[in-house]
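Nothing in this text is a laboratory measurement; each read-out follows from the coordinates by a stated rule. None of these values were measured; they are calculated from a predicted model. All Cβ positions, even for glycine, are placed from backbone atoms using ideal geometry, and neighbour counts span all protein chains on display.
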Amino acid sequence: MGLEEKLPSGFLLTTVEQAAGWVRKSSVFPATFGLACCAIEMMTTGAGRYDLARFGMEVFRGSPRQADLMIVAGRVSQKMAPVLRQVYDQMPNPKWVISMGVCASSGGMFNNYAIVQGVDHVVPVDIYLPGCPPRPEMLMDAILKLHQKIQSSKLGVNAEEAAREAEEAALKALPTIEMKGLLR
Amino acid sequence: MSTSHASPRETTEGTVYTVTGGDWDEVVESAARTDDERIVVNMGPQHPSTHGVLRLILEIDGETVTEARCGIGYLHTGIEKNLEYRTWTQGTTFVTRMDYLTPFFNETAYCLAVEKLLGIEDQVPDRASIIRVLLMELNRLSSHLVCIATGGMELGATTIMIYGFRDRELILDIYELITGLRMNHAYIRPGGLAQDLPPGAVDQIREFVKKMRKNLPEYDKLATGNPIFKARMQDVGYLDLAGCMALGATGPILRSTGLPHDLRKAQPYCGYETYDFDIPTADTCDSYGRFLIRLEEMRQSLRIVEQCLDRLQPGPVMVEDKKIAWPAQLALGPDGLGNSLDHIKQIMGTSMEALIHHFKLVTEGFRVPPGQAYTAVESPKGELGVHVVSDGGTRPYRVHFRDPSFTNLQAMAAMCEGGQVADVIVAVASIDPVMGGVDR
Amino acid sequence: MSDANGKGAPGSEGANPEKDLSAQNLPGQRGQGGEEVRVQRGMFGANNGGDTSGYGGLVRSVRLPGPAARPYGGWFDEVADELEGALEEQDLLPANAIEKTVVDRGELTFHIEREHLVRVAKTLRDDPALRFELCTGVSGVHYPNDKGRELHAVYHLRSITHNRVIRLEVSAPDSDPHIPSLFEVYPTNDWHERETYDFFGIVFDGHPALTRIMMPDDWQGFPQRKDYPLGGIPVEYKGAQIPAPDQRRSYS
């Protein structure tokens, strides 16, 4: 019914990178990292109407050691930050992080003493998802975008090359405050 | 030598037994002799069976919990401090995010306190009060649904979780229609509401009530008589009336002891005294009683919702006083924000003073006479109290929320100690703490 | 210690000529005679010279509602009589324990001297005519301008028997932030007092384990005091920066 029946000769050529990316993206196991309001929307996404099972991701793992995606859903307080980092460190590689909601992405409206102003101060973030809280559809969109990213991720020397390029680009990038133009 | 294994060796890590064959029972027996079974288990702050970022520190002896403590503060957001740097109206945006499962209760409690400080309780239009009650009761339904859903999930009953979230979605659709948001609405404002009900809302709510009356018995079928459910919940998380009073526990926990204390009846607000509803109680003092109370409260909420719908009369939804009232009747502007085209036409085109007034009201806000006030509403979790202090300025001087989750969670130790580890989960689920409310 | 402070407060009020002048020059204000929470200068609260309205020299002291005179109205008199009577039975002069009674916005507030707080609370809980069984916790308020009584702890007591709510207010100076714990009378105050200690640094004497509850254990300072900054960071946008909320211009 799938790809295999369409193949005229019964086999298909691809790169190891592509095959690995395809396998990885098709079985992402999220860790439960529900913190605040966004966690409720994350649970909603897993429940009946939005049904994350369609993307093979409905099983939220309680143990970080069995998970490879951390959806940081909600505001991260100064007290929670070390715990968050520890959970991240316990996850096996390769691992990805979605920062769900403005509070996790940038501190959001809680610009104060208690909240870490963006979870990227603590862990590297792959997808920033705006919204307060983001709708389940937005979370699913973020997850699909992450799937694309995982699919096209590099391996071995290519990964090192990509990391170097990304770092160079980041060093060259214009700071936000020096940017001109419309706020978008 | 009868022992078939080497004698125990003391190391820095504790006693080490080297087994070299022989009878396993003997090994176990000699290990048991050391009698250091007492271990401290740390559940959370990230754990699938805890409500958010709650940390439980359990001292267990075998399967028995000998001591239980809570570690909280992992979601402390500093909302009370943030409120002091925003105007009184902007405050609703913050308080709605405290206990994110009961946003309308937070907003109403806060707005009632501000209205008390302003002395305009009597001027809030009827329609605004009715819509507040309507939304609060819908909110009670959605909060209890999440409680039952996640509580079921924590017992291992995933089906009930799917059911709960299915019905909650129907309520969120109504919220979205009325306020534009699924959560965190900031819809109730000091003096009234942000805007009136949109067209079609009443019909959709009626439709929902009909559907919900059909769906509610499913929970009974699924859970109420379920022997596993009963075995897990009955006589678990016991807290009697004296314990509730001492620990300040309110809401379903207090009503499960048989005391029909409900602020909607005791100290009515928003016109609750005119509605016809019952206060369900149980006399079992346990988790199962609280579950039954929540189910029954949902039925009562549906009754109140219907009465609200019958009472709705056209009218204003904001106080008359233009010094307080934000322009109500906002419509969705082309920029995606709330705009009122009529209002803009008036302030921009006809009246310079109205423009100045609007500018000052929005940027600066209104002043609230100095003093303090305490208002309390019956949230799904218990008494939600708000203590506000004004220094006569345009910003709150101090806002403190007495969140029921925070107070009720203190009862966790009293409910769990002496029980089994598995019962801790049931007891905490029956408290229904929401960490956003606990930590604020 | 607290007596000296208690006496110091009215004395220092009289020693402030600026405030007296403002009080003379102004018509009666709401809540005359209560604690001064702040001095407002000018008309619009702009404190960086932006007030061009001509009212820039206006000085006005903002006061909380002052003590009320009998009768208080409603059931307030009954509660006050019962409380005073019960305290007298315990050989405690009500005037020594109850600093003042404020009736405002339909709420009854007893300002209690801190050394008598536990006794008053116990009386309120146990006296059959009072029966305030349920304490809804403590809320701290920091009044830096109220010299000698900067830190206030506010308790709301609910009587389910008689369906009433009253408020107790206790103050302590910043230099000696001690208030006796109500944990023995109302165990529910366990976490509430820890929270108030965490945010305001009020030390509740007699609390079994007064440690931080919300903030990390090694946190410095008491974040919800007025002198503690909000702690926000400036937010950068394209080509622009917006300061943290507490650094912005305010009109209060």
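Points worth noting:
- Across the range A:80-97, computed HN-Hα scalar couplings (Karplus, 6.51 cos²θ - 1.76 cosθ + 1.60, θ = phi - 60°) run 7, 4, x, 5, 4, 5, 5, 4, 4, 5, 7, 7, x, 6, x, 9, 10, 10 Hz from first to last residue, x flagging Gly and Pro.
- Acute angle (nearest 10 degrees) that the helix A:136-151 long axis makes with the longest principal axis of chain A, alpha-carbon atoms: 50
- Using the rule -39500 (n - 2.57) for each DSSP H run of four or more residues, divided by the residues of chain A, the 222 nm mean residue ellipticity is -12000 deg cm²/dmol.
- Peptides ranked, highest mean first, by Cβ atoms within 10 Å: ranges B:195-205, C:231-241: B:195-205, C:231-241
- For the listed residue pairs A:Lys6/A:Lys154; A:Lys25/A:Lys145; A:Lys79/B:Lys381; A:Lys149/A:Lys180; A:Lys149/A:Lys172, the alpha carbons are over 18 angstrom apart in A:Lys6/A:Lys154; A:Lys79/B:Lys381; A:Lys149/A:Lys180; A:Lys149/A:Lys172.
- Pairs of Cα atoms nearer than 8 Å and 6+ residues apart set the relative contact order; for chain B it is 24 percent.
- Rounded to 5, the percent of DSSP beta bridges in the protein assembly as shown classed as antiparallel: 80
- Spatially proximal aspartates and glutamates relative to C:Lys238 (Cα-Cα < 15 Å; intrachain offsets below 8 disregarded): A:Glu178
- Cα-based shape type of the range B:351-432, given that a ≥ b ≥ c are square roots of the gyration tensor eigenvalues and the cut on a/c is 1.5: prolate
- By the rule of a C-alpha distance below 21 Å, with chain neighbours fewer than 8 residues away ignored, the lysines paired with B:Lys210 are B:Lys221.
- Cα-based helix-to-principal-axis angle, B:158-179 vs chain B, degrees rounded to 10: 20
- Integer Hz, Karplus 6.51/-1.76/1.60 couplings in order for the range C:166-172, x for Gly and Pro: 10, 10, 10, 10, 10, 10, 9
- Placing +1 on each Lys and Arg Cβ and -1 on each Asp and Glu Cβ, with no other charges, gives the range C:114-240 a dipole about its Cα centre of roughly 480 debye.
- Reach of B:Lys211 by Cα under 16 Å, taken over lysines that are not fewer than 8 positions away in the same chain: none
- The range A:113-152-the range B:224-263 distance, computed between alpha-carbon centres (Å): 39
- Tilt relative to chain B, helix B:421-431 - C-alpha long axis, 0 to 90 degrees, to 10: 10
- Ordered by the number of other Cβ atoms lying within 10 Å of each residue's own Cβ, fewest first, C:His207, C:His162, C:His156 fall into the sequence C:His162, C:His207, C:His156.
- The HN-Hα couplings worked out from phi for the range B:141-151 by the Karplus form 6.51 cos²θ - 1.76 cosθ + 1.60 (θ = phi - 60°) are 4, 5, 5, 5, 4, 5, 4, 5, 5, 6, x Hz, whole numbers, x standing for Gly and Pro.
- Cα gyration tensor, the range C:103-252 - rounded (a/c under 1.5), prolate or oblate: prolate
- Relative contact order (%) - criterion: Cα under 8 Å, at least six apart; region: the range A:20-170: 25
- Taking GluC sites (Glu not before Pro) across the range C:98-160, none is in a DSSP loop with at most 13 further Cβ atoms lying within 10 angstrom of its Cβ.
- Whether the range A:20-170 is rounded, prolate or oblate, judged on the alpha carbon gyration tensor where a/c under 1.5 counts as rounded: oblate
- Taking amide H atoms as placed 1.01 Å from N in the peptide plane, the amide H of B:Gln90 has no partner under 5 Å among residues 5 or more positions away or on other chains.
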